[in-house]
Amino acid sequence: MYRNTYVEIDTDIISSNVQNILKKYNDYKYYIGVVKGNAYGHGGYISKTLVENGINYLAVSSLEEALDIRKYVDVPILCLEPISLDYIEECIKNNITITVSNYNYFKELIEADYPNLKIHLKLNTGMNRLGLNSIDEITEIYNTLIESKNMKLEGIYTHIATSGITDKLYDEQISRFKELTKNIDLNKIEIIHIGRSSTLEYHPKIEFASAIRLGAIMYGIKQPSINYSGVKGCIRKYKHDYLIKKYNISKTYKSNDLLVDVAFKLKSEVIEVRKISKGSFVGYGARFEALKDTYIAVLPVGYSDGLDLKYTNMNILINDTKYKIVGPINMGMITVEVDESVKVGDIATIIDGNVKEIAHHTGVTPYVVMTAINKNVPRVYLKSGEKIKTVE
């Protein structure tokens with residue numbers, strides 16, 4: 001590291017998260033850890049921790065991500081997006097499972113007849129991005145692959161658009177999946193995965209599903225319990241009960257006792273502190289004016305590293321004390337109003353596991369907060385409080 005700015009990941013927290021998830025939801029054969037988006041910003045190395053604690057399959061978006069993850073683990077990796085036929089041999093060589101979501105793509109695969117290629121079928125049940133949505137095509141693909149001596153139909157899956165607590169889409173998509181697969185024998189398919197983190201928390205297990213895709217929940221982002229207390233809670237409950245009856249929504253859970261925590265922190269170092277007088281301005285556009293004599297600390301991290309411009313006026317921690325970011329976020333620097341106790345070399349924590357709070361402040365999701373911190377920022381991994389790995 002040529003500047004002291006880095007993402008710090010506590011692997012003990014990730015380990016605990018995975019162990020708690022697998023203990024509570026222990027009726028699946030496969031636990032597919034989703035490590036796309038640089039493992040939700042945690043870096044590919046965290047896949048090692050996931051596998052060590054019971055994750056037995058991984059999923060990524062692209063072949064590039066899969067090959068990066070392969071450096072750390074030897075479990076199978078599913079690529080959730082189509083891979084060009086030019087690189088299928090690379091997939092076979094590295095135990096990377098491909099997704100078939102398009103009939104024409106399937107026909108090209110059959111013509112090539114790759115040996116030892118593992119395939120999962122992606123069905124479109126309502127998300128309308130990727131996926132097969134013709135019963136006849138699905139039936140043909142299934143029959144062809146089941147009989148193939150080279151290519152293996154290992155799995156079949158879909159993606160659910162909503163958490164399905166107060167809307168009918170979850171139930172509609174499950175029904176659509178059953179309709180699309182009515183002419184095939186699901187018992188002959190080893191891995192069937194439909195659910196994701198939020199559906200895991202809010203819905204009973206789908207009886208024929210043998211796998212679950214775990215994303216945000218592994219990284220400590222848990223869905224909120226629904227609170228029916230107080231006047232607002234009573235109104236919410238009335239509305240929910242009305243929608244459940246109106247749409248005949250299947251059984252859902254309004255809360256759970258799963259314990260997970262966020263392991264993600266973004267840290268940087270104070271590289272300069274200066275005292276400015278009342279009435280002085282800071283940064284581009286003179287947007288911050290000191291209302292009193294004060295101190296300004298400079299940190300070498302900015303929007304080129306993935307900070308949102310809306311981080312301005314957000315609190316960060318220096319020496320366990322909250323200080324506010326002032327002036328606009330710069331490309332490679334932020335300025336913070338501090339006091340005379342802050343010195344050059346002090347470590348500042350910009351993200352302190354409070355990704356939900358930051359997401360609310362900036363108007364994005366927690367996923368965006370973590371994945372936005374780009375790969376140029378080193379990932380430092382801790383175990384029992386000690387550094388075990390730095391990936392730059």
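The table below gives the values:
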| quantity | calculated |
| --- | --- |
| Debye log10 I(q)/I(0) at q = 0.09, 0.14 Å⁻¹ for the chain, Cα point scatterers | -0.64, -1.20 |
| Spatial separation of Cα centroids for region 265-291 and region 198-250, in angstrom | 44 |
| FRET E, pair GLU64, GLU108, Förster distance 25 Å, beta-carbon r, rounded to 0.05 | 0.70 |
| Shape call, region 64-126: gyration tensor on alpha carbons, a/c limit 1.5 | oblate |
| Probe 1.4 Å, accessible area per residue of region 233-392, Å² | 56 |
| Protein accessible area in the chain, 1.4 Å probe - carbon and sulfur % | 48 |
| Net charge of neighbours whose Cβ lies under 10 Å from the Cβ of LYS389, counting Lys and Arg as +1 and Asp and Glu as -1 | +4 |
| Alpha-carbon centroids, region 307-337 and region 84-132: separation in whole Å | 45 |
| Extension reserve of the LYS278-THR139 stretch, reckoned as 0.36 nm per residue once the Cα distance is removed | 42.6 nm |
| Charge dipole magnitude, Cβ of K and R +1, D and E -1 - the chain, Cα centre, debye nearest 20 | 1220 |
| Tilt relative to the chain, helix 103-112 - C-alpha long axis, 0 to 90 degrees, to 10 | 70 |
| DSSP-defined beta bridges in the chain - what % are antiparallel, rounded to 5 | 55 |
| Whether region 3-63 is rounded, prolate or oblate, judged on the alpha carbon gyration tensor where a/c under 1.5 counts as rounded | oblate |
| Peptides 230-241, 324-335 ordered by average Cβ neighbours within 10 Å, highest first | 324-335, 230-241 |
| Relative packing of peptides 286-292, 179-185, 370-376 - highest average C-beta neighbours within 10 Å first | 370-376, 179-185, 286-292 |
| Overall form of region 1-121 per C-alpha gyration tensor (a/c, 1.5; a/b vs b/c) | oblate |
| Folded to 0 to 90 degrees: helix 11-24 orientation relative to the chain principal axis, Cα | 40 |
| Approximate spin-label separation SER210-ASP257, in nm, with each point projected 7 Å along Cα-to-Cβ | 3.2 |
| Cβ-defined net charge surrounding SER62, 9 Å radius [Lys, Arg +1; Asp, Glu -1] | -2 |
| Region 99-121 residues near the modelled LYS29 label - backbone nitrogen below 18 Å, point 7 Å along Cα→Cβ | 118-121 |
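The values are calculated or read from the model by the stated rules, or taken from the named source; none is laboratory data. Remember, it's a predicted structure, so these values are computed and weren't measured experimentally. Cβ atoms come from the backbone with ideal geometry, glycine included; neighbour counts cover every protein chain shown. The area values use the complete protein model at the heavy-atom level, side chains included, leaving out ligands, DNA and RNA. Shrake-Rupley method; radii C 1.70, N 1.55, O 1.52, S 1.80 Å.
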